[in-house]
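Read through the structure below, which is laid out as structure tokens, and then see the notes.
The values are calculated or read from the model by the stated rules, or taken from the named source; none is laboratory data. Small disclaimer: the values here were computed from a predicted structure and weren't measured. Note: ideal-geometry Cβ built from the backbone for every residue, glycine included; neighbour counts use all protein chains shown.
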Amino acid sequence: MLGLIIALAVIAFLVFMLYKKVNAHAALLISGLLLLSLAAIFGIGEIIDPKKSLNFAFFDLFEVINQKMSSTLAGLGLTLMCIAGFSAYMDHVGASYSLFKVFEKPLQKVKNPYVLLVVSYFVVQIIVLFIPSHAGLALLLMVTLYPILIRTGVSKLSALSVIGSCQFIDHGPGSGNVIYASKVAGIDPAVYFVSHQLPTTIPIIIAVAITVYFSQRYFDKKDGFVFDAVAVEEDLKETGEKEIKKPPLIYAILPIIPIVLILGFSKIVGSSIKMNVPVAMLISTVIAILFECVRYKSLIETANSLMIFFKGMGHLFVITVSLIVCGQVFASGLLAVGFVDTLINFAKDAGVGVFAIIVFVSFLLAISAFLMGSGNAAFFSFAGLIPDIAKSFNVETISIILPVQIMTGFGRCMSPIAPAIIAVATIAKVSPFAVVKRTALPMIVAGLTNLIMTFIYL
């Protein structure tokens with residue numbers, strides 16, 4: 001019971017720090033070290049494997065960080081950094097823009113504003129498979145999709161509801177959360193995506209599409225929205241256009257190559273040739289460099305552009321990999337004070353089944369994502385605890401981690417402090433709270449659909 005009280009107190013302290021705008025990295029690390037310290041002081045549990053101990057409790061606190069960093073950098077961290085490096089290079093060469101251009105003309109042919117909104121929403125859910133960055137994709141869509149939508153008669157806030165929630169589901173074998181979830185579940189990322197994730201996410205995407213259509217019509221009517229073509233053009237002129245590279249349309253295939261490699265050489269198709277995510281990203285980057293060589297006819301300049309890839313890797317280490325380590329330290333602290341064991345025993349004594357646990361953990365992570373403005377921060381903090389929970393209820397880890405992983409994106413898209421929400425609101429000159437007011441209802445429907453699908457498949 002003491003461990004539970006300590007855990008709840010530290011979690012409350014964590015929430016307080018996030019409320020005071022302490023960055024998630026520092027908040028998680030401080031909270032994790034505090035939990036480990038209290039576990040050692042009160043003798044509640046082991047803070048580290050005795051075989052790996054430095055034989056001094058104070059030093060062991062930092063040895064936990066060392067071990068988490070070493071294991072993360074050698075495996076998951078390298079994978080995520082390669083994805084980020086490739087994404088940075090795609091942005092550099094303008095391939096993401098070319099990918100959108102494939103869908104631009106069909107979109108422009110749709111004249112009904114709300115039908116266009118829904119069609120755009122489906123297009124965005126395809127594109128997100130190849131551009132697994134919430135903020136990055138949102139900024140791209142503000143340059144490409146946003147003008148098309150509002151010129152057709154879609155209200156500014158309705159357009160932002162789709163763009164701001166573009167990555168409301170982290171799906172696809174190139175997503176950081178998917179990579180981490182598949183690692184925790186012990187499943188190949190391609191198998192996780194095709195065999196486990198898609199059967200759940202497809203119904204969610206359809207449910208949200210229906211909600212977007214009716215909810216945005218309702219809000220527009222309630223707000224008294226009237227389309228004014230002159231005002232729209234003036235607004236776009238004031239907003240200005242971001243200067244982006246506009247490469248040949250053939251560049252649209254470049255962001256697709258990694259997915260083709262990962263899925264094409266996977267257990268899904270019964271391939272005897274093995275492929276992993278870092279190798280897929282490296283091969284795809286080399287292909288992109290060859291495209292640039294042909295385009296600019298300059299080997300030296302193109303070769304030098306490879307630094308964009310490594311800079312992207314470094315940027316992700318600062319933002320995400322370090323966050324994973326901090327989240328893992330926090331999770332180690334929760335384990336050390338016996339929070340997970342106490343929670344499981346309490347659930348069993350109360351006669352609560354595994355579905356109730358899934359609902360509890362899902363909402364906990366959704367709320368965490370809302371407070372942090374980051375789905376990654378929330379998921380990385382708690383994902384490491386799930387195998388122990390699954391083992392206690394005699395279910396496969398995938399049964400719990402899948403709905404939990406999916407749920408985190410919903411909380412992020414309802415958060416007014418999420419980077420993507422702030423970015424699109426700033427560009428459109430509206431309040432982030434006005435944007436999340438439009439995204440809230442579709443995300444609530446997404447959460448409920450996720451739980452329904454979980455109940456069906458469990």
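Residue-by-condition table, conditions (1) under 26 Å from PHE193 (Cα atoms); (2) touching a Phe, Trp or Tyr at 6+ places or on another chain (Cβ under 8 Å); (3) surrounded by fewer than 24 Cβ atoms within 10 Å (Cβ to Cβ); (4) among the β-branched types (Val, Ile, Thr):
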position: PHE380; (1), (2), (3), (4): yes, yes, no, no
position: ALA383; (1), (2), (3), (4): yes, yes, no, no
position: PRO387; (1), (2), (3), (4): yes, no, yes, no
position: GLU396; (1), (2), (3), (4): yes, no, yes, no
position: VAL404; (1), (2), (3), (4): yes, yes, no, yes
position: GLY411; (1), (2), (3), (4): yes, yes, no, no
position: PRO416; (1), (2), (3), (4): no, yes, yes, no
position: ALA420; (1), (2), (3), (4): yes, no, no, no
position: PHE433; (1), (2), (3), (4): no, no, yes, no
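Taking region 342-458 as the region of interest, the helices (runs of 4 or more DSSP H) fully inside it that hold 2 or more residues being touching a His at 6+ places or on another chain (Cβ under 9 Å) and not polar (S, T, N, Q) are 375-382, 397-413, 419-428. Applying the set (1) at pLDDT below 85; (2) surrounded by fewer than 15 Cβ atoms within 10 Å (Cβ to Cβ) to THR320 leaves exactly one unmet item: (2). Considering region 254-271, the residues that are of a type in the set (Val, Ile, Thr) and surrounded by 12 or more Cβ atoms within 10 Å (Cβ to Cβ) include one that is nearest to SER96 (Cα to Cα), namely ILE256.
Looking at region 75-162, what helices (runs of 4 or more DSSP H) fall wholly within it and have at least 2 residues that are within 18 Å of the chain's Cα centre (by Cα)? Explain how you work it out, then say what you get.
Values: elements: 78-93, 95-108, 113-127, 134-152.
The qualifying helices (runs of 4 or more DSSP H) are 78-93, 113-127, 134-152.
In the condition set (1) small (Gly, Ala, Ser); (2) in a loop (DSSP other than H, G, I, E, B); (3) surrounded by 14 or more Cβ atoms within 10 Å (Cβ to Cβ), GLY43 is compliant with all but (3).
Suppose we filter VAL325, VAL230 for residues that are surrounded by fewer than 16 Cβ atoms within 10 Å (Cβ to Cβ), modelled with pLDDT of 85 or more, β-branched (Val, Ile, Thr) and in a helix (DSSP H, G or I); which single one remains?
Exactly one residue qualifies, and that residue is VAL230.
Scanning region 174-227 for residues that are β-branched (Val, Ile, Thr), free of Cβ contacts under 8 Å to residues at least 24 places away in the same chain and either more than 20 Å from THR449 (Cβ to Cβ) or not in a helix (DSSP H, G or I) (or both) returns a single hit, VAL226. The residues on offer are LYS246, LYS237, LYS311, LYS274, and the sole one that is assigned to a helix (DSSP H, G or I) and loosely packed, with under 14 Cβ neighbours inside 10 Å is LYS237. Does ILE283 meet the test of being out of contact with any helix residue (DSSP H, G or I) (no Cβ under 6 Å at 6 or more places or on another chain) and in a helix (DSSP H, G or I)? Answer is yes for this residue. All conditions but one from (1) outside any loop (DSSP other than H, G, I, E, B); (2) closer than 30 Å to LEU458 by Cα; (3) of a type outside the set (A, V, I, L, M, F, W, C) apply to GLU301; the one that does not is (2).
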